Amino acid sequence: MSGDQVPLRHSLVTRLLVAAVVIALAAISATAWLAATTTTRAINYEQGGAVADQKAVYQALLGYAATHHDWSGAAALVRSRAAELDRRITLTTDDHRVILDSQTGPALRNTSPAAVVDPLQVDLGLTGGDEHIDERAVGPYVVPTEDRYVLSEVAKNSLACFHKVGYDGVIEVATTGRPSVVLTNVRAEAERPLTRSVTESCGFALDSLVSAAEKKALQTLTTLTARCLNLGDRTSELRITPTFDAYLGESAVVRTAHEKTEVKPPSLLEPAGPVGVVRGCVESARRTQLRPYVAPRALLFVTAPGTGDTTLRLSGGSIGRIVAVTGAVLLATVAATVLVGRRLVRPLRTLTDAADQRTPAPVSGRDEIGRLARALNDSAQRRDRAEAQRRTMVNDVAHELRTPLSNIRTWLEAAQDDLAPTDAQLLALLHEEALLLQHIIDDLGDLAAADAGTLRIDPEPTYLRDVLTQVVDSHRGSALAAGVRLELSVVSDPVVRADQVRLRQVVGNLISNAIRYTPPGGSVTVGADGTTISVRDTGSGIAPADLPKIFDRFWRADESRSRVTGGSGLGLAIARHLTEAHGGTIEVRSEVGRGTHFTIRLPGPTTTR
């Protein structure tokens with residue numbers, strides 16, 4: 001520039017331009033933030049109301065279905081609920097044939113139901129309870145009025161028994177009219193802990209006393225349950241109490257309220273089988289028995305009046321507030337921009353539109369407007385990259401933490417159900433899984449280190465039998481839940497130089513994948529011979545064309561699988577990096593329909609203990 005010219009950074013044009021840019025950026029930021037905040041609050045408020053309305057409708061219809069054998073009398077209930085909520089409420093069969101409709105409207109074949117109304121298969125997410133069969137579905141278990149006094153007296157005696165050994169409680173009467181004792185407090189002078197033997201010794205008299213109607217219903221339930229459990233010759237020994245506990249044994253007697261029969265507590269009997277299996281059979285038999293007494297299963301649709309639209313719509317007040325906030329900010333922006341100058345309006349408006357639509361801003365030149373456009377584009381790209389990295393990190397963490405958390409949950413639930421002893425071995429196993437969680441979190445960062453060639457391990461002499469036994473034991477719960485047989489076969493007692501935690505992670509990833517892709521009834525075999533470790537399954541196998549890709553990150557053989565069922569695709573990538581960090585190799589052989597065989601070869605000599 002010539003010497004008599006004002007430096008560009010001090011010129012009026014520059015200051016006006018800077019002022020215009022500041023105003024535009026402030027307006028855009030304020031509009032986006034205020035509109036987003038107001039919209040989010042409005043949507044959250046109305047969404048919460050819609051969910052509450054759906055729960056209320058579901059609870060009302062569930063109560064009707066539990067106490068009626070069909071839907072013929074529910075029309076008034078449906079219409080009244082629809083009028084209260086200003087919504088269309090429709091009940092249909094599974095094939096979308098309309099049972100009841102609060103008003104006429106389009107067919108709902110392409111609309112997802114809000115819930116399935118079935119008192120024998122309750123949606124616990126909507127009810128918040130823990131019983132799959134609605135307690136109001138009593139069917140043939142109603143206690144006659146003349147027997148309720150006798151049962152009430154026995155319940156009082158049971159409560160007195162609990163009180164005598166140091167426990168307080170109350171008597172609650174179920175929908176069927178049967179009383180039960182619910183313990184509320186343990187006093188300091190209690191003679192002994194509340195064990196199953198204490199509960200049975202004080203409560204068995206009440207459980208064994210039934211009305212004639214209940215006795216007949218329980219006999220039918222016993223027959224159905226025995227058929228489910230395949231008891232064969234022991235069918236006659238099966239006894240089910242009014243609280244639906246099942247026992248085997250010749251001494252189990254159920255008596256009516258008018259019989260004087262010598263009975264013995266269930267402590268002299270044996271359980272009818274594994275808790276989960278028996279409970280499932282009893283529930284299945286109850287559903288079969290109660291089905292004629294409840295309304296048929298129905299799909300519930302809660303939609304906009306006169307339509308099949310389930311989309312959440314903002315109310316007029318919410319829309320008005322959003323429009324008012326946005327309009328006020330935009331009006332202030334227009335006023336400030338006019339003061340800056342007409343020549344600055346056009347490029348600034350272009351930048352504003354690009355920012356609102358989240359599209360690349362056009363770069364008009366090398367001036368300040370052009371630099372601003374480039375800055376906006378770079379910011380959008382960095383934001384997109386940061387968002388993609390955030391999603392990737394969350395997905396990686398979810399995938400890698402799922403397996404050890406599932407193992408911990410499985411063993412804890414087994415201990416709660418008395419399927420596994422709560423001893424030092426269990427605590428040690430859970431502690432090992434917790435430590436593995438911490439190492440898995442560190443391994444997510446190690447993937448980046450592996451790419452850079454800086455991944456570090458701490459090798460030491462390691463007995464393969466001990467490591468493989470720990471990994472297999474930690475996965476037995478998930479294998480049992482999947483119906484897969486998990487076996488271990490180690491030749492001698494080989495020793496390798498390896499990082500124990502890293503090696504457990506490698507083998508654990510392979511076992512998890514094997515269990516996931518092996519159908520019920522199949523098997524997964526973990527073996528070791530010298531420095532070679534193998535994981536073999538009888539699962540679905542991998543197509544030959546896909547074998548070269550299985551160690552790629554985020555790759556899945558079945559693209560239709562979700563992350564819950566198919567994993568994130570990181571497990572095998574981590575296994576390969578960790579194996580190579582040990583100086584070893586990992587290979588895979590597979591045949592579609594017959595299973596997959598992974599082989600890990602570690603370097604170095606082996607010794608035996």
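Nothing in this text is a laboratory measurement; each read-out follows from the coordinates by a stated rule. This one's a predicted model, so the numbers in the text were calculated from it and none came from an experiment. Here the Cβ is made from the backbone with ideal geometry for all residues, glycine too, and neighbour counts use every protein chain on show.
Sorted by packing (mean other beta-carbon atoms within 10 Å per residue), highest first, where do 228-237, 579-588 land? Mind showing how you got there, number by number?
On the way: 228-237: 13.5, 579-588: 17.1.
Top to bottom by mean Cβ count within 10 Å: 579-588, 228-237.
Taking θ = phi - 60°, what integer Hz values does the Karplus form 6.51 cos²θ - 1.76 cosθ + 1.60 yield along segment 586-602, in sequence order, with x for Gly and Pro?
10, 10, 9, 10, 8, 9, 4, x, 10, x, 10, 10, 9, 10, 10, 10, 9
Name the long-range amide H neighbours of Gly522: under 5 Å, sequence gap of 5 or more, or other chain; modelled H, no Pro or chain starts.
Amide H neighbours of Gly522, under 5 Å, 5+ apart: Arg485.
Which one of His68, Val117, Ala107 has its Cα pushed farthest toward the positive end of the charge dipole of segment 62-132, where Lys and Arg give +1 and Asp and Glu give -1 at the Cβ?
Of His68, Val117, Ala107, it is Ala107.
Ordered by residue, what ³J(HN,Hα) values in Hz, to whole numbers, does segment 207-219 give under the Karplus form 6.51 cos²θ - 1.76 cosθ + 1.60, where θ = phi - 60° and Gly and Pro are x?
With coefficients 6.51, -1.76 and 1.60, one gets 5, 7, 9, 10, 7, 4, 5, 5, 4, 5, 5, 5, 4 Hz.
Find how many whole Å separate the alpha carbon centroid of segment 68-116 from the alpha carbon centroid of segment 157-177.
Segment 157-177 and segment 68-116 have Cα centres separated by 42 Å.
Test of understanding: ordering Trp71, Trp411 by Cβ neighbours within 10 Å, fewest first, what list do you get?
On the way: Trp71 19, Trp411 22.
With the sparsest Cβ surroundings first, the list reads Trp71, Trp411.
Would you grab the residues whose amide H sits under 5 Å from the one on Ile99? Only those 5+ places off in sequence or on another chain, please, with H modelled 1.01 Å from N.
Residues meeting the amide H criterion: Leu91, Thr92, Thr93.
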